[in-house]
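Only one structure is covered here, and it is reproduced in the block below.
Values in this text are rule-based calculations from the coordinates and carry no lab data. Note that the coordinates shown come from a computational prediction; the quantities given were computed from them, not determined experimentally. Positions of Cβ are generated from backbone atoms using ideal geometry, with glycine treated the same way; all protein chains shown enter the neighbour counts.
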């Protein structure tokens with residue numbers, strides 16, 4: 001089980017060398033994976049432990065910047081993905097105004113003082129830190145020499161002639177280009193959501209659904225998707241509807257909904273977290289003439305899923 005702490009001083013008493021991978025890591029795409037994988041390899045080589053340093057909020061959001069991005073992964077989702085990578089722990093620092101105003105050399109000196117066994121720090125080429133992001137890898141290397149720890153810098157991963165970035169992943173997801181998003185992530189795009197009480201429309205139609213409250217902020221276009229749902233570590237082939245249910249008269253009164261149907265699963269899922277991996281978009285949302293037509297279409301979709309025809 002991965003350890004999560006919010007105070008860097010929690011690492012003060014670590015006896016083995018610490019290799020730290022630092023970054024915001026929204027989405028955990030191929031570029032992020034490169035930094036973290038290299039830190040895991042470095043930790044193994046020196047008999048140490050790999051940790052991740054990240055922040056609980058995007059710095060631009062705390063600073064009220066109009067370009068603050070909508071996030072691909074919530075903290076809970078990022079932590080779950082990091083745990084699968086095998087790091088010992090995550091230092092999830094609260095990002096606030098005080099931290100944003102700290103001089104870059106002051107931040108690194110405080111980090112080294114709090115983590116005396118810090119042996120190696122891994123970052124991406126474009127990682128910045130400290131007040132107004134004024135700290136860069138050049139300063140980091142200088143401080144590493146002075147404070148006696150190694151600095152390892154990863155060059156960007158290039159796909160499609162351009163560096164992989166969270167910005168590119170967001171654009172692909174929003175455009176509904178799931179193949180491109182998966183190529184940039186190194187895995188299918190996924191969301192984490194908690195099952196909440198819904199309008200029970202699926203049950204009335206004979207296809208009970210789990211109504212998801214998504215933790216992330218970036219979603220693909222409305223429509224029907226073939227997905228893989230992970231519930232209590234078990235994976236299920238499933239169908240996900242994302243939209244406003246335009247066939248129903250009160251559709252305009254409700255926001256877009258995420259409704260997951262897992263064929264053959266009969267379980268009380270309220271309050272549970274479910275990870276949904278998007279595999280394929282079947283079609284966009286549409287209004288049916290009546291509920292009977294909608295029910296027939298849902299039935300056809302599920303049969304195609306069961307036969308592996310989607």
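In terms of surrounding Cβ atoms within a 10 Å radius of their Cβ, 236, 270, 225, 242 rank from fewest to most as 270, 236, 242, 225. Each of 273, 113 was scored by other Cβ atoms within 10 Å of its Cβ. Listed from fewest to most, they are 113, 273. With a cut-off of 13 Å, note down the residues of the stretch 34-56 whose backbone N falls inside the zone around a label point 7 Å from the Cα of residue 151 toward its beta carbon. Taking a point 7 Å out along Cα→Cβ of residue 151, no residue of the stretch 34-56 has its backbone N under 13 Å. Against the main long axis of the alpha-carbon atoms of the chain, helix 30-45 sits at an angle near 50°. By the beta-carbon count within 10 Å of each Cβ, the least crowded to most crowded order of 15, 300, 141, fewest first, is 15, 300, 141. Relative to the longest principal axis of the Cα atoms of the chain, the long axis of helix 291-306 lies at roughly 50 degrees.
Provide the gained length on full extension for the span residue 75 to residue 296, in nm with one decimal, where the gain is 0.36 nm per separating residue minus the Cα-Cα distance.
Separation in residues times 0.36 nm, less the Cα-Cα distance, equals 75.7 nm.
Between residue 12 and residue 138, the distance separating the two model label sites (each 7 Å from Cα on the Cα→Cβ line) works out to 3.5 nm. Normalising the average separation of contacting C-alpha pairs (under 8 angstrom, six or more residues apart) by the number of residues puts the relative contact order of the chain at 16 percent.
Go ahead and estimate [θ] at 222 nm for the chain from helices alone: -39,500 (n - 2.57) per DSSP H run with n ≥ 4, summed, over the residue count, rounded to 500.
-8500 deg cm²/dmol
Rounded to the nearest 10 degrees, the inclination of helix 75-85 to the longest alpha-carbon principal axis of the chain is 70 degrees. Take the Cβ atoms of residue 41 and residue 303, set R0 to 45 Å, and the FRET efficiency comes out at 0.45.
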